[in-house]
Amino acid sequence: MAKMKIAITLEDTAVKQLDHLVGEGLFPNRSRAIQQALAEKLLRLKKTRLARECAKLNAAEEQAWAEIGMAQDAREWPEY
């Protein structure tokens, strides 16, 4: 996968914490630590998208649609 360089600005305390993690050997360098942190955050956001979309639904309306669907005769349902 192609990589691009970017510049970011961090607060001193964040840089100190980052350097501590690198010094402890958790990451080989700052860049790798930031790459991994960003990848984890993007994955977490992706996984919570369904919950965010579901929160937009109107519960009463969804319940009404579900009851209409369940009221249909089972013989009318398509075979799977």
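No value in this document is a laboratory result; all are computed from the given coordinates. Keep in mind the model is a prediction, meaning the values are calculated, not measured.
By the Stokes-Einstein formula, at 0.692 mPa s and 37 °C, the chain with its Kirkwood radius over alpha-carbon pairs has D equal to 186 µm²/s.
Against the chain, whose longest principal axis comes from its Cα atoms, helix 30-47 is set at around 10 degrees.
For the chain, take the longest principal axis of its alpha carbons; what is the angle in degrees between that and the long axis of helix 12-23, to the nearest 10 within 0 to 90? Roughly 80 degrees, rounded to the nearest 10.
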